[in-house]
Amino acid sequence: MLETNRAWTSSSYWNDSQAITIEVSNSQRGGSWPISKEAYASLINLCADICKRNGIKAVNYNGTKNAVLTEHRMFAATQCPGEYIHEMLKSGKIAQDINARLKTAAGRDFIYEGVDLSSVFNAVYYGSRYPDLQAAGLKTQEQLWMHFVTFGMTEARQASAEFSPVSYRNCNPDLNMAFADDWEAYYKHYCMCGKNEIEEGKRKNIM
């Protein structure tokens, strides 16, 4: 169905006449109705894409029907979308991640889960280093960034000339003990702590 057509999903004519409604596949039936990391990444990517195509500069969630982000439970007697997504909306995580993606698309910092990864990600370097990305049709900065945060970090792919997650792990036994094969943690640690520590060490050696 075209996004320009009226939806028929939230049990509210008022909401369906202005909203784009999304269904997300759950990774478990019942309970808090969780979703997988891959489903979450796709949700954020889709929301950011919808925003860009409709001129929405930023999103918000405030628990009311008047925010940009709303839930089915606001319009019908249901617990949809489940507590897992509901809690991420309440905490602001979903809005934050969508807004970070919109900020990246505007050519600003590369923010992932509140961490600026611009020092470990270079789209040109990443795309040219891995031919399989080009073969998959990933060419734009945004496409390559989305691949990096969804798959690249967990696969320990090097996305800039300045930082190799494998070398960083090998040179820091304490981090290896703490993180083991959690490759995403090495990127985050370097951006939040390691980069500054390395630069400070260089300055001391010069002095």
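Residues of the stretch 29-75 that are part of a helix (DSSP H, G or I), among the polar types (S, T, N, Q) and farther than 20 Å from T4 by Cα: S42 alone. In the set (1) more than 25 Å from K52 (Cα to Cα); (2) touching a residue at least 60 places away in the same chain (Cβ under 8 Å); (3) in a helix (DSSP H, G or I); (4) in contact with a helix residue (DSSP H, G or I) (Cβ under 8 Å, 6 or more places away or on another chain), V120 fails one condition alone, (3). Taken over the stretch 158-194, the residue count meeting the criterion of being assigned to a helix (DSSP H, G or I), buried (at least 17 other Cβ atoms within 10 Å of the Cβ) and hydroxyl-bearing (S, T, Y) is 4.
I'm told E3 meets every condition in (1) at pLDDT below 90; (2) under 17 Å from the mean Cα position of the chain (by Cα); (3) among the acidic types (D, E) except one. Can you identify the failing condition by its number? Among (1) at pLDDT below 90; (2) under 17 Å from the mean Cα position of the chain (by Cα); (3) among the acidic types (D, E), E3 violates only (2).
Give the residues of the stretch 7-28 that are part of a loop (DSSP other than H, G, I, E, B) and more than 24 Å from the chain's Cα centre (by Cα), sorted by residue number. Within the stretch 7-28, A7, W8, T9, S10, S11, S12, S17, Q18 meet the criteria.
Take the residues in the stretch 71-97 that are out of contact with any helix residue (DSSP H, G or I) (no Cβ under 7 Å at 6 or more places or on another chain) and closer than 17 Å to L46 by Cα, then tell me which one is modelled with the lowest pLDDT.
Per the stated criteria, the residue is Q96.
Screening S12 with (1) surrounded by fewer than 14 Cβ atoms within 10 Å (Cβ to Cβ); (2) in contact with a Phe, Trp or Tyr (Cβ under 6 Å, 6 or more places away or on another chain) gives one miss only, at (1). The condition of being touching a Gly at 6+ places or on another chain (Cβ under 6 Å) and either free of Cβ contacts under 8 Å to residues at least 12 places away in the same chain or under 17 Å from D49 (Cα atoms) (or both) does not hold for L138.
For residues that are free of Cβ contacts under 8 Å to residues at least 40 places away in the same chain and in a helix (DSSP H, G or I), tally how many sit in the stretch 76-86. So the answer is 1.
The values are calculated or read from the model by the stated rules, or taken from the named source; none is laboratory data. These numbers come from a predicted model, not from an experiment. In this analysis, Cβ positions are derived from the backbone assuming ideal geometry, glycine residues included, and neighbour counts consider all displayed protein chains.
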